[in-house]
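To keep things clear, I will list the structure first and then write my remarks on it.
The values are calculated or read from the model by the stated rules, or taken from the named source; none is laboratory data. These numbers were taken from a predicted model, which means no experiment stands behind them. Cβ atoms come from the backbone with ideal geometry, glycine included; neighbour counts cover every protein chain shown.
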Amino acid sequence: MTQPGQLRLGVNIDHVATVRNARGSAYPDPLRAALLAEQAGADGITAHLREDRRHIGDADIEALIAGLSVPLNFEMAATDEMQKIALRHVPHAVCIVPEKREERTTEGGLEVAREENRLAHYIAPLRAAGCRVSLFIAADIAQVEAAARIGAQVVELHTGAYCDLHHEGKFAERDAELARLREMSALAHSLGLEVHAGHGLTFDTVKPVAALPEVMELNIGHFLIAESIFIGLPAALSEMRRLMDEARA
Ligand code: PXP
């Protein structure tokens with residue numbers, strides 16, 4: 001478990017469900033993976049219930065709520081259906097993400113600035129119910145400022161572009177994106193927002209993000225589940241944790 005002040009690691013278990021659903025089988029069980037991650041030192045578990053239920057399903061959310069000891073971060077689109085589900089379960093945290101049916105993963109950040117009014121009304125009952133509300137946004141000044149104005153407690157900065165640029169070998173552009181992440185985490189923190197980050201992080205890309213002093217939590221899924229094929233989930237998680245701590249030291 002993380003010590004006070006230490007960077008937290010949230011483990012996203014969506015892609016355990018992707019493997020299960022690829023065959024329509026009962027295994028592998030996302031709750032079993034979540035409990036293993038919990039034992040291996042995950043500070044929280046993240047699961048995204050998509051509108052099309054392509055990976056996590058409603059029964060997975062029920063099982064996670066009932067079975068986890070660490071907090072559940074429930075990722076969801078800003079729809080009426082998801083708001084009802086969140087208000088029924090009242091998870092520790094909700095992270096509002098944009099969602100398009102045709103995308104393979106959450107491709108961009110939430111348009112908070114353009115939808116400020118709607119989102120302010122949307123998150124109010126979630127906050128009132130006791131959920132910590134996080135908005136998944138690109139490292140963009142207009143989005144950070146709008147998130148603060150509408151009363152979100154957390155922003156999660158989208159690290160997907162930074163990771164893609166790294167893997168494409170576009171290092172100058174990657175560094176420019178990292179600079180934006182650095183500036184926006186400082187701005188968000190100065191506006192009273194808790195700062196998280198995630199998407200696409202790997203052993204190769206995690207350290208510069210983990211080193212950003214305002215970032216309190218990283219949410220990592222696809223790479224950890226993929227790496228588990230080779231070294232197992234506890235070892236993948238321990239190595240990620242080691243790199244995060246090294247970056248922070
Ligand atoms: N954070 C958010 C808000 C996400 O939507 C996702 C992907 O579901 C992640 C973090 C984790 O991304 P990845 O699976 O690429 O590590």
*P4 vs. criteria at pLDDT below 95 and either basic (K, R) or more than 18 Å from S134 (Cβ to Cβ) (or both)*: yes
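Which members of the range 46-84 meet the condition of being away from the ligand (no atom under 12 Å from the Cβ), among the β-branched types (V, I, T) and in contact with a helix residue (DSSP H, G or I) (Cβ under 7 Å, 6 or more places away or on another chain)?
First pass over the range 46-84, keeping only residues away from the ligand (no atom under 12 Å from the Cβ): 51-53, 57-72, 78-84.
Of the ones still in play, those that are also among the β-branched types (V, I, T) are 61, 65, 70, 79.
Across the range 46-84, the qualifying residues are I61, I65, V70.
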*Show the residue pairs that are 6+ apart or on different chains and have beta-carbon atoms under 6 Å apart, the first residue being within the range 201-227 and more than 21 Å from A34 (Cα to Cα), the second being within 10 Å of the ligand (Cβ to nearest atom) and at pLDDT 95 or above.*
T205/C163; V209/T159; V209/A197; V215/A197
_Given the criterion surrounded by 13 or more Cβ atoms within 10 Å (Cβ to Cβ) and within 13 Å of the ligand (Cβ to nearest atom), identify the matching residue among A146, A138, A113, A129._
A138
*Positions within the range 192-249 being hydrophobic (A, V, I, L, M, F, W, C), surrounded by fewer than 21 Cβ atoms within 10 Å (Cβ to Cβ), in a loop (DSSP other than H, G, I, E, B) and within 13 Å of the ligand (Cβ to nearest atom), in sequence order*: F203
*Select from the range 168-191 the residues that are in contact (Cβ under 8 Å) with a residue 12 or more places away in the chain and either touching a helix residue (DSSP H, G or I) at 6+ places or on another chain (Cβ under 6 Å) or within 16 Å of the ligand (Cβ to nearest atom) (or both) and list them in ascending order.*
R174, E177, L178, L181, M184, S185, L187, A188, L191
*Among all residue pairs at least 6 apart or on different chains, which show Cβ distances below 8 Å where the first residue, located in the range 1-29, is within 16 Å of the ligand (Cβ to nearest atom) and the second is modelled with pLDDT under 95 and not in a loop (DSSP other than H, G, I, E, B)?*
L7/R248
*Here are A42, A78, A22, A33: which of them is closer than 21 Å to R104 by Cα, of a type outside the set (S, T, N, Q) and surrounded by 17 or more Cβ atoms within 10 Å (Cβ to Cβ)?*
A78
